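Worksheet for the structure shown next.
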Amino acid sequence: MTLFDLAGRATKSLAAVLFVLIVPVAAPAEPSYPKHNCDTPRDLMGLGGSLSHVARKIERRQPVTIVAIGSSSTAGAGASSPAASYPSRLAVELRAQFPSQQFNVINQGVNGEEVPDMLKRFDAAIVAQKPDLVLWQLGTNSLIRDHAMTDRGAAIRSGLNRIRAVGADVILIDPQYAPKVIAKPLAPQMVDFIASVSKQEDVGLFRRFEAMKRWNEDGMPFSAFTIADGLHMNDWGYACMAHHLGVAIAEAVKRPIVSAKATAATR
């Protein structure tokens, strides 16, 4: 074997080593999400109450400030990051519904709170923010802890009056449909109670419980939209909730805008 043969073999060996070294490492796989559609059932888009204040702000091209107050499912427990919480995702959804509109969604969720806890911080969490819309998520912790909500009707009405006093629209959000919630025999009564308050006070209601129940009844396992604790939602669950809510808000807002334009056209 000549010196040239040895040199050739050495060159080939070195090339092989270099090839192994420069083979790109596969990128981490994207997180997997349920292969289910996040369609919004038509019968769940009606919020009931008026969003006339938000509608006026949008019609005038003025920025809209939204405050989301509630407990851990508002704060975003179970989400991979604050950006995956439902208030953060709602901001994205609303900008998609109204591309030229500015929305500022403020997350005022605090883990573990019930209605009395939230009322104590209404001045700082809500009034000081001068909101155009308040999303008030309530009921879950009272239900989990077997605390009656029916004796808190007056407290909820007091909170609604304080929100109205700053000129904001309101949407109540009922508990999530999750294993730890539906294990409570009084879960249906809690949902009905919040719906009753919403109707009596003429404020909007986002039926989160019913929306999530539809996911499950349509064949989606709880593991697809909740985390292992059987209570809090995962990224997909929060994103789909925000999508439903964004569509519902858009439906409620566009009705008065269309009506106002139609009235002006007939003058």
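The values are calculated or read from the model by the stated rules, or taken from the named source; none is laboratory data. As the structure is a computational prediction, the values presented were derived from the model and not from experiment. FYI the Cβ positions are ideal-geometry reconstructions off the backbone, even for glycines, and counts take in every protein chain you see.
Quick notes on this structure:
- Criterion violated by SER100 - all others in (1) under 22 Å from ALA252 (Cβ atoms); (2) surrounded by fewer than 19 Cβ atoms within 10 Å (Cβ to Cβ); (3) modelled with pLDDT of 95 or more satisfied: (3)
- Scanning region 70-120 for residues that are without any contact (Cβ under 8 Å) to a residue 12 or more places away in the chain and outside any helix (DSSP H, G or I) turns up SER81, PRO99.
- All positions within region 114-173 that are under 13 Å from THR65 (Cβ atoms) and of a type in the set (S, T, N, Q): GLN129
- Residue in region 47-63 that is nearest to the chain's Cα centre (by Cα), counting only those that are within 24 Å of HIS244 (Cβ to Cβ) and assigned to a loop (DSSP other than H, G, I, E, B): LEU47
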